[in-house]
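Comments concern the structure below.
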Amino acid sequence: MYDRILVPTDGTSETKRVVDHAGELAETHDAEMHAVYVVNTSTFAGLPMETSWEDVSEVLREEGEGALDAVVAAADPYDVAVETSIVEGPPSKEIVRYAERESCDLVVMGTHGRDGLDRLLMGSVAERVVRGCSVPVLTVNVGDEESQPAADAAGEARGRS
């Protein structure tokens, strides 16, 4: 059913929960895992002109390498191959673009499960990926563990077929 599972990472520690879900699926389906880190270049548009983009880019890429190394380490208990990639651009668009370009069968990504004003103000990369991706998306709630279930409300893959 799945040959390529995409796991976007933002480098937070909560990503391990996402990798655990993706790792189990990948191992069960003998699929490979693709981990992607998106350098969000739009958030640095307001930097002072004296700031060197090369310096900022280098720091962000180092952060990305660390985040991808953490995904590889978290996937180690599973018998799966992991490919890693760093891309630049708006996160939701780049995740969708990567999933479709690399013929991924599933995107497994974390969501903080925000609602109301928090969601309005902060937006949701996961929601934009679910709405914009032709590949099914499984969201794993990585918010407050005490008040939230481990996966989204339905606990199932969502997306457009």
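Ala73 fails exactly one of the following numbered conditions: (1) modelled with pLDDT of 95 or more; (2) surrounded by 17 or more Cβ atoms within 10 Å (Cβ to Cβ); (3) not charged (D, E, K, R). What is the number of that condition?
(2)
Checking the condition surrounded by fewer than 17 Cβ atoms within 10 Å (Cβ to Cβ) and either among the hydroxyl-bearing types (Ser, Thr, Tyr) or modelled with pLDDT of 55 or more (or both), which residue from Arg128, Arg160 passes?
Of the residues listed, the single one that is surrounded by fewer than 17 Cβ atoms within 10 Å (Cβ to Cβ) and either among the hydroxyl-bearing types (Ser, Thr, Tyr) or modelled with pLDDT of 55 or more (or both) is Arg128.
Could you list all residues from the stretch 14-29 that are surrounded by fewer than 19 Cβ atoms within 10 Å (Cβ to Cβ) and in contact (Cβ under 8 Å) with a residue 12 or more places away in the chain?
Residues satisfying the conditions are Glu14, Lys16, Arg17, Asp20, Glu24, Glu27, His29.
Is it the case that the stretch 89-111 has a residue that's in a strand (DSSP E or B), at pLDDT 90 or above and of a type in the set (S, T, N, Q)?
no
I'm checking my understanding of the structure. Among residues of the stretch 1-25 that are polar (S, T, N, Q) and not in a loop (DSSP other than H, G, I, E, B), which one is farthest from Glu63 (Cα to Cα)?
Thr15
The values are calculated or read from the model by the stated rules, or taken from the named source; none is laboratory data. The structure displayed is predicted, hence computed values, not measured ones. Ideal geometry is used to build each Cβ from the backbone, glycine not excepted, and the neighbour counts take in all protein chains shown.
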